[in-house]
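The values are calculated or read from the model by the stated rules, or taken from the named source; none is laboratory data. On a predicted model such as this, the values are computed, not experimentally measured, just so you know. Neighbour counts run over all protein chains shown; Cβ positions are idealised from the backbone, glycine included.
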Amino acid sequence: MNPVIDLLFSHRSIRRFTEQPIADALLQEILRAGQAAATSSFLQGATIIRVRKPESRSKIAAWSGNQVHVEKAAEFLVFCADLKRPGNACREYGKPFAGDYTEHFIIATVDVALMAQNVVVAAESAGLGICYIGGIRNKPAELAELLALPAGVYPVFGLCLGYPDQNPEVKPRLPLEVILKEEIYNEDGDAQRVAEYDQRVREYYATRTGGGHGICWSEQVASLLSEKSRPHMRQFLADQGFTMK
Ligand SMILES: Cc1cc2nc3c(=O)[nH]c(=O)nc-3n(C[C@H](O)[C@H](O)[C@H](O)COP(=O)(O)O)c2cc1C
């Protein structure tokens, strides 16, 4: 192992932060590290909105399901998929804009995720803690209005950044054998491996700092996938110009 891999293995989401601000120079460096990520076709289809106003933070925290860390974190960033900026180049070069295909949506969304994860790793390497906030998609239209997002731009997730005021345990992941397949997709032996993993997750939740519910991974994802999940997203994306041709 090396220090970078050690750092990756030490990741855990942080949901309680100290009051300590992040120095501007450090924040800039972390964000530039985000920009260094690979980007599909050099599109650079990601835009970050830094939200500092307490009123805006409070609204976003409430919309996200009363996630107080959105208000308390030193920094809160909204990562947006952005086809507007590359679309501007079409106008400049007299080309019709045809960036409303599902493929473009995938490209821009992937760009956002890669950039954000670079930001996360850079931040964690500097001793900061992070928490992604998918909860912002509870109220995407309200958020888009608050942030003045134009057509061609949609908020993918938020990110809390700050100095940790807690030290949670690392959450166990599925065994590599379950997620890595040789040559073809097959599920041989996975049921047993997942059952063993479920037991580990149950123990993790039962004993983790701050207590827990003691449910397992399968139970958790079964609940998630058996319920409607933000059904408003389809219309919201269409309204923002992501018509998914
Ligand atoms: C895109 C994305 C959205 C997430 N949204 C939230 C969120 O809204 N609130 C939250 O507390 N955690 C959120 N998380 C954190 C996950 O719950 C967390 O990463 C997962 O449980 C694994 O735990 P770990 O990050 O501590 O390893 C999100 C993570 C990702 C990648």
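Take the conditions (1) away from the ligand (no atom under 11 Å from the Cβ); (2) closer than 23 Å to Ala238 by Cβ; Val119 misses just one of them, which is (2).
Just the residues that are within 14 Å of the ligand (Cβ to nearest atom), over 15 Å from Arg234 (Cα atoms) and outside any helix (DSSP H, G or I), please, taken from segment 129-158. Matches in segment 129-158: Gly129, Ile130, Cys131, Tyr132, Ile133, Phe157, Gly158. Would you check if Ala81 is assigned to a loop (DSSP other than H, G, I, E, B), under 28 Å from Met244 (Cα atoms) and within 16 Å of the ligand (Cβ to nearest atom)? No.
Cβ-Cβ distances below 7 Å connect no pair with a first residue in segment 1-27 that is not assigned by TED's automatic domain parsing to the domain that holds Val121 and assigned to a helix (DSSP H, G or I), a second residue that is modelled with pLDDT of 95 or more and small (Gly, Ala, Ser), and a separation of six or more residues or different chains.
Scan segment 119-135 and give yes if some residue there is among the charged types (D, E, K, R), surrounded by fewer than 17 Cβ atoms within 10 Å (Cβ to Cβ) and touching a residue at least 12 places away in the same chain (Cβ under 8 Å), otherwise no. No; the residues of segment 119-135 include none that is among the charged types (D, E, K, R), surrounded by fewer than 17 Cβ atoms within 10 Å (Cβ to Cβ) and touching a residue at least 12 places away in the same chain (Cβ under 8 Å). Report whether or not Val121 is among the aliphatic types (A, V, I, L, M), modelled with pLDDT of 95 or more and out of contact with any Lys or Arg (no Cβ under 6 Å at 6 or more places or on another chain). For Val121, the condition - among the aliphatic types (A, V, I, L, M), modelled with pLDDT of 95 or more and out of contact with any Lys or Arg (no Cβ under 6 Å at 6 or more places or on another chain) - is met. Go through the residues of segment 35-43 one by one and say whether even a single one is under 30 Å from Gly152 (Cβ atoms), in contact with a Pro (Cβ under 7 Å, 6 or more places away or on another chain) and aliphatic (A, V, I, L, M). Checking segment 35-43: at least one residue is under 30 Å from Gly152 (Cβ atoms), in contact with a Pro (Cβ under 7 Å, 6 or more places away or on another chain) and aliphatic (A, V, I, L, M).
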